[in-house]
Amino acid sequence: MSGASNDAVGERGRARAVEQLPVLTGWAPTIVAIVPAHNEAEQIGETIRSLLNQSVPPTRVVVVGDNCTDDTVAIARRYPVTVMETVDNTFRKSGAMNQAWQRYGRDAEFVLTMDADTTLQSDTVEQMLAAILGGRSLGAVCARYAAKDSSGLVWRLQRLEYARYDDNRELRGWTVQVSSGAASMYRGQALLRAVEMTKRPVPWDNSSLIEDYGLTLDLKTLGYKVRAADGAQVRTDTPATFRELWNQRLRWGRGGIDECRKRGWTPATRRDIAAYWMFGVGMLLRIVWLLYLVALIVLALGFSISLIGCIPLAIMWIDRVTSMWRVPQRTLRDVLLAAVMLIEDAYGMFLEVCTAVCVIKSLRAAQQSW
């Protein structure tokens, strides 16, 4: 359908929201939402509906069909949104967003990007807009995300992981390492400044494995701050198997390490680089501890339990259980999974090994698939 009907829907929604959001009184900002979609026929309808039903709907919703071989484009055209298909795009998500931005988002005051497998709460756009307008130095804000409903151990572990990550963001005052691709809102002027600084014709780096992190670093280099909008929440799809999760985290980890190595030690990267060094120290300590246990067993030296030594373990257990309490629609299985700890520890080691592999592959400049 044409963009005109979509504009009408957005104008009515923003008019209703003026009294609800004081910063919008007498002003209707231009918000262009870009949704890159590659073979998302099963979820694209739900994603679009969540955008159109916002308390502050975007001015225009652009669904980008990227080399689709299913019914994604046909389904999107049933809704009052702008549907475009990429032309000769070989850069996957970043290429799709860049083509849409060049065509529809270059002059927008705010650009919202989100994954096609993500759904927004009814006030997500309103909350993100309020957050980004609340700080002049903010170049982007992202939403807090939780896993969509599913089943299985892999899903439950990711639900707990996301809840704990949310706890960490709150402790840091909602500052974030990356403005997540699940759902982020950017100042249009900040994107234009990033284009000018990088001398690219587009905001997102097509050569990056994780374009959202690359753009976040560009914004930080320009002096902008990036944070999570604590009132904005979304639900996103998660890998269903450990193999899919491994591939996803390899791409995330490798992309992050590559970006830091490419840029070097700068104000924008130094905290992240320090975190990688701390990860290395943590891995080394874990290996030493495991070797110590093996030595005790092999040499039959025996060991005893110290009450003082149990204090850190008790603190860790309390942290696990309390953060689990923030998981949406938690069940007894979630409680038991957090309380037992061993399964989550094994999951943590799985992610650590994945990160270690990412470091090795980055240093060797090995090819990393999507």
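So for segment 242-251 (the condition being within 18 Å of the chain's Cα centre (by Cα), within 30 Å of residue 126 (Cβ to Cβ), aliphatic (A, V, I, L, M) and open to solvent by less than 40 Å² (accessible area, probe 1.4 Å)), does at least one residue qualify?
no
Where the second residue is of a type in the set (A, V, I, L, M) and the first is surrounded by fewer than 18 Cβ atoms within 10 Å (Cβ to Cβ) and lies in segment 84-108, which pairs have Cβ atoms under 7 Å and are six or more apart or on separate chains?
Pairs that qualify, where the first residue is surrounded by fewer than 18 Cβ atoms within 10 Å (Cβ to Cβ) and the partner is of a type in the set (A, V, I, L, M), are 85/73; 102/202; 103/84.
Give me the residue from segment 326-370 that is closer than 24 Å to residue 279 by Cα, more than 21 Å from the chain's Cα centre (by Cα) and not in a helix (DSSP H, G or I) and, out of that set, modelled with the lowest pLDDT.
Top of the filtered list is 367.
Where residues in segment 256-269 are surrounded by 13 or more Cβ atoms within 10 Å (Cβ to Cβ) and free of Cβ contacts under 8 Å to residues at least 40 places away in the same chain, which of them is farthest from residue 139 (Cα to Cα)?
262
Looking only at residues in segment 203-234 that are open to solvent by 50 Å² or more (accessible area, probe 1.4 Å) and out of contact with any Phe, Trp or Tyr (no Cβ under 7 Å at 6 or more places or on another chain), which one is nearest to residue 148 (Cα to Cα)?
Among residues in segment 203-234 that are open to solvent by 50 Å² or more (accessible area, probe 1.4 Å) and out of contact with any Phe, Trp or Tyr (no Cβ under 7 Å at 6 or more places or on another chain), the one nearest to residue 148 (Cα to Cα) is 233.
So, in segment 329-365, how many residues would count as being among the β-branched types (Val, Ile, Thr) and under 23 Å from residue 259 (Cα atoms)?
Final tally of qualifying residues: 5.
For segment 322-359, which positions are more than 22 Å from residue 210 (Cα to Cα), among the aromatic types (Phe, Trp, Tyr) and in contact (Cβ under 8 Å) with a residue 24 or more places away in the chain?
Within segment 322-359, 347 is the sole residue that qualifies.
Just one of the numbered conditions (1) among the charged types (D, E, K, R); (2) in a helix (DSSP H, G or I); (3) touching a Ser or Thr at 6+ places or on another chain (Cβ under 7 Å) is not true of residue 227; which one?
Failing condition for residue 227: (2).
Being at pLDDT below 95 and farther than 23 Å from residue 108 by Cβ: is that true of residue 160 here?
Answer is yes for this residue.
When only residues in segment 341-358 that are of a type in the set (A, V, I, L, M) and open to solvent by less than 50 Å² (accessible area, probe 1.4 Å) count, which is farthest from residue 321 (Cα to Cα)?
Checking each candidate, the answer is 357.
Are there any strands (runs of 3 or more DSSP E) wholly within segment 37-151 with 1 or more residues that are over 20 Å from the mean Cα position of the chain (by Cα) and over 26 Å from residue 238 (Cα atoms), and if so which?
Once the strands (runs of 3 or more DSSP E) in segment 37-151 are filtered for at least 1 residues that are over 20 Å from the mean Cα position of the chain (by Cα) and over 26 Å from residue 238 (Cα atoms), what remains is 60-65, 82-85.
The values are calculated or read from the model by the stated rules, or taken from the named source; none is laboratory data. Computed from a predicted structure; not experimentally measured. Because the Cβ atoms are built from the backbone with ideal geometry, glycine has one as well, and the counts that use them run over all protein chains shown. The area values use the complete protein model at the heavy-atom level, side chains included, leaving out ligands, DNA and RNA. Shrake-Rupley method; radii C 1.70, N 1.55, O 1.52, S 1.80 Å.
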